[in-house]
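K.L.:
Got a structure for you, questions after.
The values are calculated or read from the model by the stated rules, or taken from the named source; none is laboratory data. Note that the structure is predicted; figures quoted are calculated from it, not measured. Here the Cβ positions follow ideal geometry from the backbone for every residue, glycine too, while neighbour counts run over all protein chains shown. Calculation scope for accessible area: heavy atoms of the full protein, side chains included, ligands and nucleic acids excluded. Shrake-Rupley method; radii C 1.70, N 1.55, O 1.52, S 1.80 Å.
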Amino acid sequence: MNSIIKEIQKLRRDKPYTIDLKNSNRYKLVVNEGDGTKTAYCFSSPVYSKKTGKLADIKFMCDTNAACYDGTDCRVLLCDSISFESPEGVCGLVLPNTVSHICESAVLYGNVEVTPTLNGLAFKVPCGVSGMYSLVVTTVQPDMSIRANDKVFSLMLSHFKPLMSLSCIGTADSTGAIVAPCVLEHKVINKRQYCVTVKSVGKDGKYMIFEANMHQPKLFQDTTVESNNPKTNNAFGTTAFIGNTDTYGEQWLYSRPELALISELFYESINSVVMHIPQLNKAEVPLSAYGVANRFCSFGSNWENKISSKGEIAEPNLSAGYYSVDVTELMTRKGTKHLDITEGLIIRPQKRDAEFATIATGDGCYAMQILEINYN
């Protein structure tokens, strides 16, 4: 994601608007519509800086030998190694190569391209002959707890709260479209160092893409569940492969908006609510959105214990690089026009043997889900 404004313009198809400067919520950008209503674009991660209150400027500040980036709640320094600092703590990354080129849009470490995300960095690594890439995660605090699977590696501050997460986005073709998963492994080097290796999957990939972000509370609590790994939970993973892959089998996404983060909208008269989910591959795979029969736990759900669905909500419409789902009825109280707490929804393939759709979950900062709420 290069620009918050450009993403909104894509969704609006360049329909004119003015920004409501009275908004003070870091998760949403509010626009004034020509008909007198307002539309709040609520992002899965904050888009305004906690420190300055300004909309994120997603580019590096750079000099000859180093670059710096201020995310929405962290500072990243890129020189021969990379350091992340937030109010919650400090950690770092050591790459195999040193800096070879610096500009506002990217820093190169040899042939590895590093770009800013909203609260961290994204890495684009050529697959090469081996199809794998290793780096070292470093911590200041010794013996930090780890939560990890083959998709994400998280340094944990507490049982449910990471300091930083390094997450696979996928194996990409020459255009950057995700054509297959990539997976990771980790091993402990010592009390403050961990080796993380990312591996490409499939033969058509040119690059491995992954992201490393400092944690902030997210607007969507979600997890994927998958048939090949029926006991695996993926609470902090940033990509879902909805449909069928050799790596995961059939995969679904469970998602629930954390409306307490946009609680001021409970007092508004709601006209419509649409959930926009970024598409990361080129395949136009039909998906379905279902309600959830009971409340699910994003940290405990897996394929084996997954909560059942309770009827189809809608078929997401694919346009402008997003799967868009009308969730107005799901998220508004019956008989009123006010937001209501919901148990969430399930994104599934329409057909059991379907090709996969690669989408962004609510945990990433490389591509973000957006809840579009129009109100009076």
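K.L.:
Tell me, which residue of region 252-266 that is in contact (Cβ under 8 Å) with a residue 60 or more places away in the chain and open to solvent by 40 Å² or more (accessible area, probe 1.4 Å) is nearest to residue 222 (Cα to Cα)? Walk me through it before giving the result.
P.N.:
So in region 252-266, the residues in contact (Cβ under 8 Å) with a residue 60 or more places away in the chain come out as 252-257, 259, 261-262, 264-266.
Cutting the leftovers down to open to solvent by 40 Å² or more (accessible area, probe 1.4 Å) gives us 261, 264, 266.
Details: 261: 15, 264: 22, 266: 22 Å.
For region 252-266, the residue satisfying everything is 261.
K.L.:
Are there strands (runs of 3 or more DSSP E) fully within region 62-126 with at least 1 residues that are acidic (Asp, Glu)? List them. Before the answer, list the steps.
P.N.:
Numbers: elements: 67-70, 75-78, 82-86, 89-94, 99-102, 107-109, 112-117, 120-126.
By residue number, 67-70, 82-86, 112-117.
K.L.:
Can you tell me which of (1) among the small types (Gly, Ala, Ser); (2) surrounded by fewer than 21 Cβ atoms within 10 Å (Cβ to Cβ); (3) touching a Ser or Thr at 6+ places or on another chain (Cβ under 7 Å) is the one residue 174 doesn't meet?
P.N.:
(3)
K.L.:
Please specify each residue of region 344-355 satisfying the condition of being closer than 21 Å to residue 245 by Cα and either within 18 Å of the chain's Cα centre (by Cα) or open to solvent by 40 Å² or more (accessible area, probe 1.4 Å) (or both). Even if it seems obvious, please write down each step before you answer.
P.N.:
Of all residues in region 344-355, those closer than 21 Å to residue 245 by Cα come to 346-355.
Of everything in region 344-355, those that are closer than 21 Å to residue 245 by Cα and either within 18 Å of the chain's Cα centre (by Cα) or open to solvent by 40 Å² or more (accessible area, probe 1.4 Å) (or both) turn out to be 346, 347, 348, 350, 351, 352, 353, 355.
K.L.:
Now, a different point. Would you confirm, using the coordinates I've provided, whether residue 57 is free of Cβ contacts under 8 Å to residues at least 40 places away in the same chain and either part of a loop (DSSP other than H, G, I, E, B) or buried (at least 20 other Cβ atoms within 10 Å of the Cβ) (or both)?
P.N.:
The answer is yes for residue 57.
K.L.:
Where the second residue is aliphatic (A, V, I, L, M) and at pLDDT 95 or above and the first is closer than 18 Å to residue 375 by Cα and assigned to a loop (DSSP other than H, G, I, E, B) and lies in region 335-350, which pairs have Cβ atoms under 8 Å and are six or more apart or on separate chains?
P.N.:
337/270; 338/270; 340/331; 341/259
K.L.:
Could you please let me know if residue 96 is open to solvent by 10 Å² or more (accessible area, probe 1.4 Å) and closer than 18 Å to residue 57 by Cβ?
P.N.:
Against the criterion (open to solvent by 10 Å² or more (accessible area, probe 1.4 Å) and closer than 18 Å to residue 57 by Cβ), residue 96 does not qualify.
K.L.:
Residue by residue through region 286-300, note down the ones that are surrounded by fewer than 20 Cβ atoms within 10 Å (Cβ to Cβ) and assigned to a loop (DSSP other than H, G, I, E, B).
P.N.:
Once the filter is applied, which keeps residues that are surrounded by fewer than 20 Cβ atoms within 10 Å (Cβ to Cβ) and assigned to a loop (DSSP other than H, G, I, E, B), region 286-300 yields 286, 293, 294, 295, 297, 299, 300.
K.L.:
For residues in region 274-289 being among the aliphatic types (A, V, I, L, M) and farther than 19 Å from residue 12 by Cα, which is modelled with the lowest pLDDT? Reasoning before the result, please.
P.N.:
Of region 274-289, the ones among the aliphatic types (A, V, I, L, M) are 274-275, 277, 280, 283, 285, 287, 289.
Add one more test, that the residue is farther than 19 Å from residue 12 by Cα, and what stays is 280, 283, 285, 287, 289.
Values: 280: 98, 283: 91, 285: 94, 287: 96, 289: 97.
Checking each candidate, the answer is 283.
K.L.:
Still on this structure: Of the conditions (1) out of contact with any strand residue (DSSP E or B) (no Cβ under 6 Å at 6 or more places or on another chain); (2) acidic (Asp, Glu); (3) under 23 Å from residue 7 (Cα atoms), residue 113 fails just one. Which one is it?
P.N.:
Only one criterion in (1) out of contact with any strand residue (DSSP E or B) (no Cβ under 6 Å at 6 or more places or on another chain); (2) acidic (Asp, Glu); (3) under 23 Å from residue 7 (Cα atoms) is unmet by residue 113, namely (1).
K.L.:
Regarding residue 143, is this residue assigned to a loop (DSSP other than H, G, I, E, B), acidic (Asp, Glu) and on the phi > 0 side of the Ramachandran plot?
P.N.:
Here the answer is yes, as residue 143 does meet what is asked.
K.L.:
Could you list, in sequence order, all residues of region 200-218 that are of a type outside the set (S, T, N, Q), touching a strand residue (DSSP E or B) at 6+ places or on another chain (Cβ under 6 Å) and in contact (Cβ under 8 Å) with a residue 60 or more places away in the chain?
P.N.:
205, 207, 208, 209, 210, 211, 212, 214, 215
K.L.:
Exactly one of (1) at pLDDT below 95; (2) closer than 17 Å to residue 245 by Cα is unmet by residue 159. Its number?
P.N.:
For residue 159, the failing item is (2).
K.L.:
Among the residues of region 333-343, write down those that are farther than 18 Å from residue 222 by Cβ and surrounded by fewer than 17 Cβ atoms within 10 Å (Cβ to Cβ).
P.N.:
Hits for region 333-343 are 333, 334, 335, 336, 337, 338, 340.
K.L.:
Can I ask one more? If you go through region 226-246, how many residues are closer than 19 Å to residue 211 by Cβ, in a loop (DSSP other than H, G, I, E, B) and of a type in the set (Val, Ile, Thr)?
P.N.:
1
K.L.:
Okay, next question. So is residue 42 open to solvent by less than 60 Å² (accessible area, probe 1.4 Å), closer than 28 Å to residue 126 by Cα and at pLDDT 95 or above or not?
P.N.:
When the stated conditions are applied, residue 42 does not pass them.
K.L.:
When you scan region 301-332, how many residues do you find that are part of a loop (DSSP other than H, G, I, E, B), free of Cβ contacts under 8 Å to residues at least 60 places away in the same chain and loosely packed, with under 13 Cβ neighbours inside 10 Å?
P.N.:
Our first condition is that a residue be part of a loop (DSSP other than H, G, I, E, B); within region 301-332, this holds for 301-308, 315-316, 320-321, 327.
Narrowing further to those that are free of Cβ contacts under 8 Å to residues at least 60 places away in the same chain: 305, 307-308, 315-316, 327.
Those left that are additionally loosely packed, with under 13 Cβ neighbours inside 10 Å: 308.
Here the count works out to 1.
K.L.:
Under the condition of being in a loop (DSSP other than H, G, I, E, B) and aliphatic (A, V, I, L, M), which residue from region 270-285 is nearest to the chain's Cα centre (by Cα)? First the steps, then the outcome.
P.N.:
Taking region 270-285 and keeping what is in a loop (DSSP other than H, G, I, E, B), we get 280-285.
From what is left, the residues that are aliphatic (A, V, I, L, M) are 280, 283, 285.
Details: 280: 11, 283: 19, 285: 20 Å.
If we take residues in region 270-285 being in a loop (DSSP other than H, G, I, E, B) and aliphatic (A, V, I, L, M), then 280 is nearest to the chain's Cα centre (by Cα).
K.L.:
Could you count how many residues in region 178-222 are outside any strand (DSSP E or B) and open to solvent by less than 10 Å² (accessible area, probe 1.4 Å)? Break it down into steps so the answer makes sense when it comes.
P.N.:
Our first condition is that a residue be outside any strand (DSSP E or B); within region 178-222, this holds for 181, 191-192, 201-206, 215-219.
Among the residues that remain, those that are also open to solvent by less than 10 Å² (accessible area, probe 1.4 Å) are: 181, 216, 219.
Counting residues in region 178-222 that are outside any strand (DSSP E or B) and open to solvent by less than 10 Å² (accessible area, probe 1.4 Å) gives 3.
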